[in-house]
1. Can you find even one residue in the stretch 12-23 that is among the small types (Gly, Ala, Ser), open to solvent by 40 Å² or more (accessible area, probe 1.4 Å) and within 20 Å of Asn87 (Cα to Cα)?
2. Out of the residues in the stretch 37-91 meeting the condition of being assigned to a loop (DSSP other than H, G, I, E, B) and among the aromatic types (Phe, Trp, Tyr), tell me which one is modelled with the lowest pLDDT.
3. How many residues does the stretch 75-91 hold that are closer than 18 Å to Leu3 by Cβ and open to solvent by less than 50 Å² (accessible area, probe 1.4 Å)?
4. Taking the stretch 1-46, which residues are of a type in the set (Phe, Trp, Tyr) and in contact with a strand residue (DSSP E or B) (Cβ under 6 Å, 6 or more places away or on another chain)?
5. Quick one: Ile61 ticks every box in (1) open to solvent by 40 Å² or more (accessible area, probe 1.4 Å); (2) touching a Lys or Arg at 6+ places or on another chain (Cβ under 8 Å) bar one, so which box is it?
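The values are calculated or read from the model by the stated rules, or taken from the named source; none is laboratory data. The shown structure was predicted, so the numbers you read here are calculated from the model rather than taken from an experiment. Every residue, glycine among them, receives a Cβ derived from its backbone with ideal geometry; neighbour counts consider all protein chains shown. Note: areas computed on protein heavy atoms with side chains; ligands, DNA, RNA excluded. Shrake-Rupley method; radii C 1.70, N 1.55, O 1.52, S 1.80 Å.
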Amino acid sequence: SWLPTLMNCCVLQHPEYSGGRPERGRIHDVVFRNINVLSDRMPPSGFYGYDAQHRVENVLIDGLFRNGIRVKTLADAAVTVGDFATNIALK
């Protein structure tokens, strides 16, 4: 029943990657293109910013398919758009 995450963009503080430093970046202008998932269900995806200055924005998912059928909505794509994430689109 386990299903791995398909796409994930997340700005966070993590001790392994942040080294205890307070700096944060942002994620923007990302394109995921022509992804075909072969599964009986869509794996979850998520986009989450850290705060208003450290956002995830302008992400395009262009051509997402499950078993050869185009997925047409973020809900059908099992995409969660969290706080501080904007302009996440499925084409």
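1. no
2. Once the filter is applied, the top-ranked residue is Tyr50.
3. Going through the stretch 75-91 one residue at a time, the tally reaches 3.
4. Hit for the stretch 1-46 is Phe32, nothing else.
5. The number of the failed condition is (1).
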